[in-house]
Amino acid sequence: MASPDPEKAGSPGQGLGGTDHSHQYTENNGMNTIIDENGHEQAPHHGMSIGQYVKTRFTTLKPAMRPAPNPIRLLSMITGRQWAFFGVAFFAWTWDAFDFFTVSLTVEELAKDFGKTNTDITWGITLVLMLRSIGAISFGIAADRYGRKWPFVVNNLLFIVLELGTAFSQTYSQFLACRALFGIAMGGLYGNAAATALEDLPPAARGLMSGLLQQGYAFGYLLATAFARGLVNTTSHGWRPLFWFGACPPVLIIALRLLLPETEIYEQHASVRRTARANGHNKGGVSATFLREGKVAIKKHWLILIYLVLLMAGFNFMSHGSQDLYPTMLRSQYSFSANAVTVTQVVANLGAMSGGIIVGFASQIFGRRISIIVMCIIGGALLYPYTFISSKSLIAAAFFEQFAVQGAWGVIPIHLMELSPGAFRTFVVGTSYQLGNLVSSASSTIESTIGERFPLKNGGGKVGYEYGKVICVFMGCVYVYTILLTFVGPEYLGRSFDVSEDEDVREVAGEEVVRGAVIASHMHGHGHGGDAEGSGSGSEGGEGVGGKAQGKEVEVA
């Protein structure tokens, strides 16, 4: 899929590709890739002007039609260590979603207990979404500077404390305070989970595994739905047992993460920073090098950072707008029983999980942008039956609507990773996701507030609100917005994450230092992610980059 490279975005006046280098084109599994004069991979349309970029928005939607690999073969390429990284990230992201939806699934119970309206309780959802960006920024910077491991552990420790705090809240103010703090803790997880799960994987497997990772969200929703049915209002403690239970699994997640080391790609970046310091290339040590990388990333990639926030706002409006108030709509507008709501939600989330995995895999063949756009079109076409059918046949519409919503979402983890500056991948992925959450934070409150303007009456008395109409119109607008943003945006299908292909790192540390570190890595590092010691051009006595180079040797045709 030919598309301009946001990694190479230059300063204003240079065009999308920045400084124009001498280059040649080579065919790389169905996409045109530029190789510069130093033999480094550049994105399609490197050096293209803004005008040229605009002209290619239609032509680049042509499906890449890369050869479809056997999914079994892709899975067999993943090592045990990579599976361990993926597994712990998947279950942490699953429980992040579980903890979030505990409030969505108990809105009416919380409102009754605290003597508030449903709209008042949805502020507990809104505060979580609003404050997630603080966690994404702080934990994202920590993960890129100090490693993926310990910020991940701290995140999950906070999950335990704050979920228990919510469970023991006695007043509405205490409830809101716990949810606000919970938002900060939850905000730090997504970027770290995506980096932990995906950055060490073989490139050919990333689309499939991206879709699987993202469906931790749907799996968490499914688990929350099932456990809410089993734990809420089945004891004298009302809604509280669901939150008590939510504090337990993070203990196991923490234990598993403590058993694992850092990812190989993070070790590569950390080792280059130490090598640069050892050779006197940068004054002030590792932290100074890290800060210089940050300055370079902001200077060169500020436009793509803004774009990713806007894109993720659309995606978060899409998921929260279609899900958060849906159980309330089923009960209030269509009088579904508790069992019927549970069955509908479980089926919807099975559709979501199927869509994310299938479309994530398909995006590796057809391209990221075209996969997202097609899913948004399908989702828009299904809005009427999803929100206006009152019989049990609505369950089928719920399955396919969430197939489309989470099908589009299944592309997002790897799409964000491919578009993000390498040295700040956790920060950019997490922050763009959570700032998008901030923009969309009032989704459920907006829908609830507008819905209450359309009361439904039966025999002269109010029996509910016409939430279906509001969700339908709201989601229609969101789909149009997301399609337009995806259409105008860039794509870097199949990008290498190897540090030697990171232009920002080469600019900060120097071509010679990076080359020497990579040579040392090939000589002494054999996939364990450690810092190989040895000599090389410009890095005598320095520490090499741990782990194998990624990108070219593991791509599957």
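The values are calculated or read from the model by the stated rules, or taken from the named source; none is laboratory data. This is a predicted model, so every value here is computed, not measured. We place every Cβ from the backbone using ideal geometry, glycine too, and count neighbours over all the protein chains shown. SASA here: full protein model, heavy atoms, side chains in, ligands and nucleic acids out. Shrake-Rupley method; radii C 1.70, N 1.55, O 1.52, S 1.80 Å.
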- Task: Please enumerate the residues belonging to region 203-233 that are within 14 Å of Leu75 (Cα to Cα) and open to solvent by 10 Å² or more (accessible area, probe 1.4 Å).
- Result: Leu208, Leu212
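Let's see how each residue does on (1) of a type in the set (Phe, Trp, Tyr); (2) part of a helix (DSSP H, G or I); (3) closer than 30 Å to Ala270 by Cβ:
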residue	(1), (2), (3)
Ser371	no, yes, no
Ile377	no, yes, no
Tyr384	yes, yes, no
Gln402	no, yes, no
Gly407	no, yes, no
His415	no, yes, yes
Phe427	yes, yes, yes
Tyr433	yes, yes, yes
- Query: Quick one: would you say Ile414 is of a type in the set (Val, Ile, Thr) and more than 30 Å from Ser138 (Cα to Cα)?
  - Reply: no
- Query: If you take the residues of region 116-172 that are charged (D, E, K, R) and open to solvent by 10 Å² or more (accessible area, probe 1.4 Å), which of them is farthest from Phe427 (Cα to Cα)?
  - Reply: Lys116
- Note on the structure: Going through region 85-106 in order, the residues found to be of a type in the set (A, V, I, L, M) and either closer than 20 Å to Thr342 by Cβ or in contact with a Pro (Cβ under 7 Å, 6 or more places away or on another chain) (or both) are Ala97, Val103, Leu105
- Message: Looking for something aliphatic (A, V, I, L, M), modelled with pLDDT under 90 and assigned to a helix (DSSP H, G or I) - is there at least one such residue anywhere in region 472-494?
- Response: no
- Item | Residue tally, condition over 25 Å from the mean Cα position of the chain (by Cα) and under 22 Å from Arg81 (Cβ atoms), over region 193-252 | 0
- How many residues does region 369-406 hold that are within 28 Å of Met65 (Cβ to Cβ) and without any contact (Cβ under 8 Å) to a residue 60 or more places away in the chain? 9
- Query: Mind checking whether some residue in region 187-198 is surrounded by fewer than 24 Cβ atoms within 10 Å (Cβ to Cβ), touching a helix residue (DSSP H, G or I) at 6+ places or on another chain (Cβ under 6 Å) and touching a residue at least 24 places away in the same chain (Cβ under 8 Å)?
  - Reply: no
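Yes/no per residue for (1) under 30 Å from Gly294 (Cβ atoms); (2) in a helix (DSSP H, G or I); (3) touching a residue at least 12 places away in the same chain (Cβ under 8 Å):
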position: Phe85; (1), (2), (3): yes, yes, yes
position: Phe100; (1), (2), (3): yes, yes, yes
position: Thr119; (1), (2), (3): no, yes, yes
position: Thr122; (1), (2), (3): no, yes, yes
position: Val128; (1), (2), (3): yes, yes, yes
position: Arg132; (1), (2), (3): yes, yes, yes
position: Trp150; (1), (2), (3): yes, yes, no
- Message: I'd like to verify a number: residues in region 329-381 that are among the charged types (D, E, K, R) and under 22 Å from Gly451 (Cα atoms), how many?
- Response: 1
- Message: Filter region 162-177 down to the residues that are in a helix (DSSP H, G or I) and free of Cβ contacts under 8 Å to residues at least 40 places away in the same chain and list them by number.
- Response: Leu162, Gly165, Ser173, Gln174, Ala177
- Out of Ser271, Ser287, which single residue is assigned to a helix (DSSP H, G or I) and at pLDDT below 75? Ser287
- What single numbered condition from (1) open to solvent by 60 Å² or more (accessible area, probe 1.4 Å); (2) at pLDDT 85 or above; (3) in contact with a helix residue (DSSP H, G or I) (Cβ under 9 Å, 6 or more places away or on another chain) fails to hold for Met77? (1)
- Task: May I ask you to verify whether Ser332 is over 22 Å from Leu438 (Cα atoms), in contact (Cβ under 8 Å) with a residue 40 or more places away in the chain, open to solvent by 10 Å² or more (accessible area, probe 1.4 Å) and more than 25 Å from the chain's Cα centre (by Cα)?
- Result: yes
- Message: Quick test for you: out of Ser363, Ser354, pick the one residue that is open to solvent by less than 40 Å² (accessible area, probe 1.4 Å), assigned to a helix (DSSP H, G or I) and either among the hydrophobic types (A, V, I, L, M, F, W, C) or under 23 Å from Leu208 (Cβ atoms) (or both).
- Response: Ser363
- Task: Test Tyr326 against the criterion of being open to solvent by less than 10 Å² (accessible area, probe 1.4 Å), within 18 Å of Ser104 (Cβ to Cβ) and aromatic (Phe, Trp, Tyr), and give yes or no.
- Result: yes
- Lone unmet requirement of (1) open to solvent by 60 Å² or more (accessible area, probe 1.4 Å); (2) touching a His at 6+ places or on another chain (Cβ under 9 Å); (3) among the hydrophobic types (A, V, I, L, M, F, W, C) for Met65: (2)
- Task: Would you confirm whether any residue within region 444-460 is within 27 Å of the chain's Cα centre (by Cα), closer than 30 Å to Val374 by Cβ, at pLDDT below 85 and open to solvent by less than 10 Å² (accessible area, probe 1.4 Å)?
- Result: yes
- Note on the structure: For helices (runs of 4 or more DSSP H) lying entirely in region 178-259, having 3 or more residues that are under 21 Å from Ala111 (Cβ atoms) picks out 216-231, 240-246
- Given (1) hydrophobic (A, V, I, L, M, F, W, C); (2) modelled with pLDDT of 85 or more; (3) open to solvent by 10 Å² or more (accessible area, probe 1.4 Å), where does Ala313 come up short, assuming only one miss? (3)
